[in-house]
Structure formats: C-alpha cells, structure tokens
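What follows is one structure encoded as structure tokens, with my remarks underneath.
The values are calculated or read from the model by the stated rules, or taken from the named source; none is laboratory data. Bear in mind the structure is a predicted one, so any value in this text is a computation, not a measurement. Please note: Cβ atoms are built from the backbone with ideal geometry, for glycine as well, and neighbour counts cover all protein chains shown. Quick note on the areas: whole protein, heavy atoms, side chains included, nothing else; ligands and nucleic acids left out. Shrake-Rupley method; radii C 1.70, N 1.55, O 1.52, S 1.80 Å.
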Amino acid sequence: MTAPPPQTKLPTGPGNTPDLQIEQLRSSGQLPSPKGVALAIMEICRRDDASLDEIANIVQTDPALTSRLLQFANSAGRGGGGGGRPFVSVREAVLRLGMDIVRQLAVGFSLVDQYQGGPCEAFDYAHFWSHALLMAVASQALAKQSRLGSPDELFTCGLLARIGCLALATVHPVEYSRLLTDCPDEGDLTALEEARLQTSHNAFTAVILADCGIPRALAEPICHHEAPEAAGFAEGSRPQQMVQLFHHARRIADMGLAPEDKRGALISELFVLGGKLGLDGTEIGELVDRILADWRDWSELLKVPARRLPPFASMAQAPAPKSPELKTMRMRVLLVEDEPTARVLLEAQLRSLAGPDVYCAANGEEALALAVKVMPQIVVTDWMMPVMNGLELCRALRATEWGQSMYVIMLTGIDAEEEIVEAFEAGVDDYVTKPVNIRALSARMRAALHYVQLLENWERDRAQLKRFASELAISNRKLEHYALTDQLTGLPNRRAGMDILGQAWSAASRSQQALSVMMIDIDLFKGINDTHGHAVGDRVLAEVSQLLRVSARKDDHVIRLGGEEFLVICQNSDLRATLQAAERLRLKIGETPVQVGERAIRTSISIGIASREPAMATEDNLIASADQALYAAKRGGRDRVCVNSSGRIFGSPATA
C-alpha cells in the first residue's frame, strides 16, 4: 500500500504562521462577502435540515441569479435530464446542480455584482473580473477534458482563484494601490505583499474559499496554482494534477487578456500544457476557441468585459510583432577600432543606438580576448588594423562555436567589389563605408537587432521544444506504466501478463525448458464484499496481492487478471517445483489475516497448476489447462491446490 503524500498547507501569513489580521478582518465583516439572496442561501446551507426546495424558492426571488443558474445548468449540454430538453424551471436547475454548487455559484455571482469598482485606484476591477471569468470557464472546460473533478465546482474555483487580490484592494485600498504601482512584474506580487502588508493575496484567498464552502481538497491546489512547481504535492497525485489544471486555466486567461505583443510566449506555453493532456495542436486550438466563446457568452450575462479574439490557430500563426525602437533595446556590442578618436566617436554613436553595453578594443587580438569574456551579440569592427585585422578577427570568431552566431558589421574605406565579396566570404554579415554616416550605421544596427531577436526567439523555442519533448517522454513512460499496471494492487495487469506469458512461451519453445503457470482465486471473495463493503474488499485484494508478490519466488511473475483472479508465471519450473511453490503461497495466505481497523479478515486461495506440454499449440492452451485445475480446486472444497497433467487432474498431497 502506498503511503499518502505529506499534506501541503494552505498559505497563511509569512512563514505559514496563522494570520491573525485576516481572522480579525473576517470577524469584523470587512472581507468581500456575499449579500442578499446569496447570503440567505449560505445561511440555509449551514442548517442540517436544509432542502433543495427551500434553496429554489430563495433563488426565484432574484431574477438575475435565476437566469444565471439556468444558463449554467443548461450550458455545455447539461440540460434535459438525459433527453436534451433544456431546464426551464429553477427547481429543476437547482436539483441538477445540487446544494453545494448552487451555494458556490451564488456567492461567486454576488461578489462579481458587488465589486465592479472600488476605492483602490491602481486595481483594475474590470480586468480582474474579466480574467477571473475566463479562468472559471477554462477550469470548467479542462475539468471536462481531464475528468479530474466536477466541472461545475471547478467553474467557481476558477472564478475565485485570485479573490485574495480583491480582498487586499478592499481592506487596504491606499496601501495596495501603492504596492501595485511599485510592482510591474506580477511574479513579484506575493513577495511584495508579504514584505509590506505581512500577508498575501493567497492567504486571503484560502480564507474566503473556506467561507464559500470550497472543499480543502480544491482550495489547496487553487492557492498554489501560481507556482505549481513549489506546491510540494507528490508527482502524479491528484492534488498535483489539480494544481496543474488551475495553472493551465490561469495561462489561458493570461493569454486571453494579454496584449498582442505578449501573446506569443503564452501560446507556446499553452501548446506545452495541452500536450500534457494528450491534445495535438488542432485540438488545443479547438479547446481554447470553445473557452473564449463561452467566456463572451458569460460576460454578457455577468456584465463583465470580454475581448473578441481571432481564432487560436490564427493567433498561433501570427508573425512576431515589430521590433521595438532600437534605442529602447539593450545589446552587448563589441567595437574594434585602432584609431582612438574614431573609436571614441563610434562608441558614443553606438551607445545612443544600442544602450550602455558597448565594449571597445584597439585591434583584433584584443577583441578576440574580450569577446570570450563578454560574449557580444553584435561586433562592429574596422577592417585595416595592426596585429590582427578585421577580416582575420571575423574568421577567428567564425571558427569557434560561440562566435558563429555573432552579427559582424565591417567598417571599411574600401568599396571595391572584390574586397566586399572577400569580406562576406570571411563571415561578415554587413558593412558600412568610412567615414561612417550615423543614419547608415543606424540602419545596419536595426538589421542586427532584428537578427539578434530572431536568434533569441529561436533559442527560446528550441529550449521549450526540448523541455516539451522531455516532458512528453516522461508522460509517455507514465502512460505506458499505467496501461500495463493494475492501479489497485500495483501488479502487472492482464495485458502486461499476456505479454510476459507470450515471451516466456517463445523462450521455452526455443530452449525446451519447462514453463508452468498457477491460476489463483481468492475463495468466497464476493462474501467479503457483501459483508464488509467494497472498500474493505479492495483492501483485501491489495493485501493478498502484496503477500503473493513477496512470497513468490524471485523469478516468478505475479499478475492480477481481474476481480479476485491472479496468474503466476513460473519460467524454468516443472510441475513438482511449481506445486511446492503453490503450497507455500496457499499456506502463507491462509495464516495471514488482513487487518482492517479492529477487524481481522481471514482469507484462503484456491490454485490450479499446469505445465507446458507438447500437445499444447499456444500459451492459451496452457492457461486453459490451469483454469481447469483451478475449477477442480474450487469444486473440491476450496483452499487447495490442483494440478492438470495431460488432462488428468489431481490434488496436492497436502490438500487432497
């Protein structure tokens, strides 16, 4: 049995200490909270005798909430009670959604209505709710795609995933406005909140989610979705998968509201995240387009802004945005000029064009040593210099792996065709004639900048593709493992077992070595399920599987075929040796009760054995022969071993 992963705590204040400030604000009613009908629904749901009819009656008093719940119940093909007929009454919708979902949706919709604006000047309320609504729709769609949780419940989770930001803007409007102004990078937001306010929006989110009735199993992943790699959940566990789902939904929301020049990187990330769900490029585009369409529909109902974006495929294929102004970009430039006055003038011109990172050398030899240290992106070099001229420098750079991607501009007083061709053949990318004209140099530098940006984009895409390929390989290995492993017992499943048996049969046919199998059945297992329940039955299956695995011989393969049936493949083992091994397994299971709480459940197994014989054409004949022996053991009173040899079945001496 696998030990449960360590619990990951919900975020509170710095250092994960209890945040008394939040508790005080909650007690005084200063946190964002529902009002009116939503508050009444929350109060009813707290009562033990609450009924769906009572909830429906309350919902009917609010026309806006009524229309929203009907749309939610009918969205994505839910309506109709199995026949496709849409829900038209609140009672039907409430009955379909259930008390918890209605309460969560009512709270979420109430908060959207109440906090369309507020006193925090730097907090964009419209953008906040637009992003929250898109994340809600994305969470719902991803839940349907992955089947990780209830799509209805995850809609509310996505809507409230960053409600702590609204809470901070509500309770600390002035301080939070200053904080947002000083935090251009959203990745630094949590650290800045903790430094200035001694709390964070994630801590507020955790408290509000609890008040809204969101289960802890969902609240924990929500509060860690901004940095899933730091959540601390076990790899492959359900909480870790939920964190990834909410992170994926967040990235879709980020892309939907990003300016055009920022979309490219987010779209690349969505391809990676979609690939983890087993989606190809077309399917990812279709999923995102459906999400954006649903977002626009919901935005009209909730009066939240939503942009109309092009189809995802068009955005993914859009060309990169134009390069920003040259003077706003910082590049590492190496200037090589032997004449001091010209070097000073050119350095000043290059700083005005490319920023402060301009490095100077007096000849090619100095430049080569400096290039190793600073790794310039652009090299501007004179041709005629002592020690090592510009052409020799260019050839030396191109001879190294790191120098091949540098953009080289040659300064030359020679404008003859033969010399220019020689320069390009040496690896020069462009040239400017002397005396240097600032407009001509600026044009060459702009071309160099475009090259550097393309190179950086290519490197980033290549790194992302490498990461994606690595993650895909890991995912494929996991999928292969899951496809061949019984999830309850951890044993190879029927598919894997038949592959192992097929290989063993082929090896035995080539080498003429013995091959035997045991068919094993847990006696009276249906009675265990009927008496103690299926959860206890699963526990018995897992414990018996573990006993079989640890008690079997080193070279035997133990497989769960399904239900309470197991197969043991015994290579290079004749009937006598296999019979002795089977008896040891039978005795071990019989003398080891399964402890479930205070109950000790005793079990026994029946075993049928057969060995490969010349008359058997395939491994299927071997299985059928062992199955006949198992049937004889069950019919003979159970808790025994029977052997099928050449069609004759007999029990072992210990059990006959």
Query raised in the report: If ligands, DNA and RNA are left out, what is the accessible area of Met99 with a 1.4 Å probe, given in Å² to the nearest 10?
Result: 50
**Report entry** Accessible surface ranking that places the most exposed of His532, His450, His131 first, with a 1.4 angstrom probe
**Finding:** His450, His532, His131
Requested in this report: Determine the share of region 426-547's accessible area contributed by carbon and sulfur atoms, expressed in whole percent, with a 1.4 angstrom probe.
Outcome: 55
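Nearest 5 percent is fine: what portion of the DSSP beta bridges confined to the chain is antiparallel?
About 55 percent, rounded to the nearest 5.
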Query raised in the report: Bin by bin, in steps of 5 Å, what percent of the Cα pairs in region 440-535 do you find, going until the bin that has the longest distance?
Result: 2, 9, 8, 10, 9, 10, 9, 7, 7, 5, 5, 4, 4, 4, 3, 2, 2, 1, 0
Query - Heavy atoms of Asp294: accessible area, 1.4 Å probe, square angstrom to 10 - result: 70
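Where the accessible area of region 95-183 is counted over protein heavy atoms with a 1.4 Å probe, how much of it, in %, is carbon and sulfur? Spell out each step's value before the answer.
Values: 1390 of 2830 Å².
In region 95-183, the share of accessible area belonging to carbon and sulfur is 49 percent.
For the chain, what is the mean residue ellipticity at 222 nm derived from helices alone (per DSSP H run of n ≥ 4: -39500 (n - 2.57); sum divided by total residues; nearest 500 deg cm²/dmol)?
Details: 27 runs with 370 residues, N = 656.
Mean residue ellipticity at 222 nm (helix-derived): -18000 deg cm²/dmol.
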Query - Tilt relative to the chain, helix 575-591 - C-alpha long axis, 0 to 90 degrees, to 10 - result: 90
Query raised in the report: Cα axis of helix 534-551 to longest principal axis of the chain: angle in degrees, 0 to 90, nearest 10?
Result: 90
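Express in nm, to one decimal, how much length is gained between Val374 and Arg147 on full extension, taking 0.36 nm for each residue of separation and deducting their alpha carbon distance.
Working: separation 227, 0.36 × 227 = 81.72 nm, distance 5.09 nm.
Result for the pair: 76.6 nm of gain on full extension.
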Report summary line: SASA check, Phe650, accessible area w/ 1.4 Å probe, all protein chains in place, rounded to nearest 10 Å², comes out at 90
Query raised in the report: Ignoring ligands, DNA and RNA, what accessible area per residue does the chain give at 1.4 Å, in Å²?
Result: 49
Query raised in the report: Helix 619-635 sits at what angle to the longest principal axis of the chain, using alpha carbons and giving 0 to 90 degrees rounded to 10?
Result: 50
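Tell me the GluC sites (Glu not before Pro) within region 330-438 that lie in a loop according to DSSP and have at most 14 other beta-carbon atoms within 10 Å.
Values: sites: Glu337, Glu347, Glu365, Glu366, Glu392, Glu401, Glu417, Glu418, Glu419, Glu422, Glu425; in loops: Glu337, Glu401.
Answer in residue order: Glu401.
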Report summary line: For Asn493, other-chain or 5+-apart residues with amide H closer than 5 Å (H placed, Pro excluded) are Thr485, Asp486
Query - Gain on full stretching of the segment that runs from Glu456 to Glu480 - 0.36 nm per residue minus C-alpha separation - result: 5.1 nm
Query raised in the report: Roughly how many nanometres apart are two label points built 7 Å out from the Cα toward the Cβ at Lys634 and Glu417?
Result: 9.3
**Report entry** GluC sites (Glu not before Pro) within region 235-324, DSSP loop, no more than 14 other Cβ atoms inside 10 Å
**Finding:** Glu235
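Against the globular-protein guess of 2.2 N^0.38 Å, express the Cα radius of gyration of the chain as a ratio, rounded to two decimals. Walk me through the intermediate numbers first.
Details: Rg = 35.2 Å, N = 656, 2.2 N^0.38 = 25.9 Å.
Here the answer is 1.36, to two decimals.
For Glu175 and Glu300, calculate 0.36 nm times their separation in residues minus their Cα-Cα distance, and state this gained length in nm to one decimal.
Details: separation 125, 0.36 × 125 = 45.00 nm, distance 3.26 nm.
Computed gain between Glu175 and Glu300 is 41.7 nm.
Going from most exposed to least, what order do Asp555, Asp113 have by accessible area with a 1.4 Å probe? Can you show the working numbers first?
Values: Asp555 105, Asp113 80 Å².
Per-residue accessible area, sorted high to low, gives Asp555, Asp113.
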